[in-house]
Amino acid sequence: MLRVRFAPSPTGFLHVGSARTFIFNWLYARRNGGTMVLRLDDTDVERNTEASVTSIFDGLRWLDLGWDEEYKQSERLALHRQIADAMFQKGLAYRDFTPAHTGDSDKSGAGQTWLFNPGMRELPRAESDRRADAGEPFALRFRVPRGLGEQVRFPDAVYGEQIKAADDIEDFALLRSDGMPTYHLASCADDIDLRISHIIRGQDHLSNTYKHVLIFKAAQSAGAVLPLFAHLPLLVAPDGSKLSKRRHGPVVSVTTYRDAGFLSAAFINFLCLLGWSPKDDRTCMTRQELMDAFSLEGINRANAVVNFKEPATTPEDTFDPKALWLNAEHIRALPVADLSAQLLPIVHSAGFQVTPEKMLAITPLIRERIKLLRDVLTAADFFFADQLPPFDPAELIPQKGDAAMALKVLMRAREVLAQTEFTHDALDHALRAAAQELGLKAGQMFQPIRVAVCGRKNAPPLFETLQVLGKETTLTRIEQAVQKAN
RNA sequence: GGCGCUAUCGUCUAGGGGUUAGGACGGAAGAUUCUCAAUCUUCAAACCCGGGUUCGAUUCCCGGUAGCGCUACCA
């Protein structure tokens, strides 16, 4: 039975690296008919927050992939302690009465290799019991085999066979002095208990895995098999540093992508392409295509850069250009009705009144012009607003023309449009004929009208725009432009 | 400092003992259109360095360098 798990710790918002780990696990489970377990690794009471739990669930729900089983580590403490106690009884772990390190251990150089606190490893059981009974606080540490030339090894589906000398592994903690299990213990105990068969997680755990193998071997019943590990290359910032909330802020939060108007399908597609490849030339892929193509063999070993611009000068700088492009691709692939339905609430929440029918008519005009769903607000603003925002009358002047030409065009348009049926072909014929009468090129005729009704030079095709706007609004806006041009 | 992992265009990647080192995004130029966008075409752009092994290495091995990770009673 194939079982995978995603085990975030609720100490911050769901970030894109975690989301990718979730997605890879999900893909692997679905691809192979396995079970997806969601487990909240919340043993760090100090740093857990309810807001983080909310953020994680918000993010995961938006991904819309789902999961099969759900657990909370904090509700499984008895299991963790029981496993720790068994290891202690077997002599595989020992009590360490050394007071906890205050602050950070210096990693920056001078420090020597730390393996265990002197004196504690070989403390006689009787003395250990006496001090524990006296109420002296202690951490429980794993007794790593030492001086025996032993090796710890495990196969990794991505990085291959991993081997490390046990002598290089420190006596890590299993239980804190407050009795809470550490991540290593809780994670392994639960992985065993939940019968997790494949552990797919970030590469930052690759070196930790030796400790986990030690725990698995110590805690598992004889004959039990180790889960298969698959470590994922990390997602890093353009400067190569690990993506972090602290350094990079909301650009790494899943909800930032959601709120900016990413389609979750596009976001998933983008994340899959960081550190994994279908090995053919496909880039734009649906959820189903990703599921069919996903395999551990396609996972890369080098870290992947999420290519956002560090000091963001435009809102788009927050996102990798490829993510933006993929989102545009997915938007264009969406049926108009679906896209329209997604756009409607965004327009409404911006304070505009639009009927679903009108939105449906607008959608095809803008769907090739937006990268993010939010862009609907700037791409189609003139459809929503009653009153056009003010614009420079000079905008009305066509190519190779002057203010007089603009005015001439607008006055002629006012006349012609008043007696034209607002269908694509009728508008086409009427306006082209008008251009010819005035001795102008089509573009010179269209541009002043476009600016008059849209308030700017760059907009969707004119005839479709006029149709959606309707005769009344069109004529009103042209009239206003005539006043302006005078 | 110790231990480990990694290294192909700016970015994501394919590939692999002999290739014009392929694709995508982004960039540049052009076509097309009523503007913008979309679309199409073209172009520029990469095998970290040094030693081996070999007839031949970007590919295999070793070393270096760089980056990253772990080295907490965080996860």
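The values are calculated or read from the model by the stated rules, or taken from the named source; none is laboratory data. Remember, it's a predicted structure, so these values are computed and weren't measured experimentally. With ideal geometry, Cβ positions are generated from the backbone for all residues, glycine too; neighbour counts draw on all protein chains shown. With ligands, DNA and RNA removed, areas are computed over all heavy atoms of the protein, side chains included. Shrake-Rupley method; radii C 1.70, N 1.55, O 1.52, S 1.80 Å.
Residue pairs whose Cβ atoms lie under 6 Å apart, sitting 6 or more positions apart in sequence or on different chains, and linking a residue in the stretch A:423-448 that is charged (D, E, K, R) to a partner that is part of a loop (DSSP other than H, G, I, E, B) and within 9 Å of RNA strand B (Cβ to nearest atom), do not occur here. Screening A:PRO250 on (1) more than 9 Å from RNA strand B (Cβ to nearest atom); (2) open to solvent by less than 40 Å² (accessible area, probe 1.4 Å); (3) touching a helix residue (DSSP H, G or I) at 6+ places or on another chain (Cβ under 6 Å) shows it passes everything except condition (2).
The conditions of being basic (Lys, Arg) and closer than 21 Å to A:ARG47 by Cβ are not met by A:ARG195. Residues in the stretch A:350-380 that are in a helix (DSSP H, G or I), open to solvent by less than 40 Å² (accessible area, probe 1.4 Å) and within 14 Å of RNA strand B (Cβ to nearest atom): A:ILE362, A:THR363, A:LEU365, A:ILE366, A:ASP375, A:VAL376, A:ALA379.
One line per residue, one yes/no per condition, for (1) more than 10 Å from RNA strand B (Cβ to nearest atom); (2) surrounded by fewer than 20 Cβ atoms within 10 Å (Cβ to Cβ); (3) of a type in the set (A, V, I, L, M, F, W, C):
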residue: A:VAL236; (1), (2), (3): no, yes, yes
residue: A:GLY240; (1), (2), (3): no, yes, no
residue: A:VAL254; (1), (2), (3): yes, no, yes
residue: A:LEU263; (1), (2), (3): yes, no, yes
residue: A:ALA266; (1), (2), (3): yes, no, yes
residue: A:LYS279; (1), (2), (3): no, yes, no
residue: A:ALA293; (1), (2), (3): yes, yes, yes
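Kindly indicate which of A:VAL152, A:VAL158 is in a loop (DSSP other than H, G, I, E, B) and buried (at least 19 other Cβ atoms within 10 Å of the Cβ).
Answer to the check: A:VAL158.
Within the option set A:ALA481, A:ALA435, A:ALA452, A:ALA459, being farther than 30 Å from A:ASP375 by Cα and not assigned by TED's automatic domain parsing to the domain that holds A:LEU377 holds for one residue only, A:ALA435. Just checking, does the stretch A:49-59 include any residue being aliphatic (A, V, I, L, M) and open to solvent by 10 Å² or more (accessible area, probe 1.4 Å)? Looking through the stretch A:49-59, at least one residue is aliphatic (A, V, I, L, M) and open to solvent by 10 Å² or more (accessible area, probe 1.4 Å).
Please determine, by comparing only the residues of the stretch A:298-320 that are of a type in the set (S, T, N, Q) and more than 6 Å from RNA strand B (Cβ to nearest atom), which one is least open to solvent (accessible area, probe 1.4 Å).
In this case the residue turns out to be A:THR318.
Among the residues of the stretch A:198-225, those identified as more than 12 Å from RNA strand B (Cβ to nearest atom) and crowded, with 18+ Cβ neighbours inside 10 Å are A:HIS198, A:ILE199, A:ILE200, A:VAL213, A:LEU214, A:ILE215, A:PHE216, A:ALA219.
In the stretch A:60-92, the residue that is surrounded by the most Cβ atoms within 10 Å (Cβ to Cβ) out of those that are of a type in the set (Lys, Arg) and outside any helix (DSSP H, G or I) is A:LYS72.
In the stretch A:36-56, what count of residues is obtained for those that are more than 15 Å from A:THR21 (Cα to Cα) and either aromatic (Phe, Trp, Tyr) or outside any loop (DSSP other than H, G, I, E, B) (or both)? Talk me through it step by step, then tell me what you get.
Initially, the stretch A:36-56 is screened for residues more than 15 Å from A:THR21 (Cα to Cα), giving A:42-55.
Subset that is either aromatic (Phe, Trp, Tyr) or outside any loop (DSSP other than H, G, I, E, B) (or both): A:50-55.
Count: 6.
Annotation note: of A:TRP62, A:TRP67, the sole residue that is aromatic (Phe, Trp, Tyr) and under 18 Å from A:SER187 (Cβ atoms) is A:TRP67.
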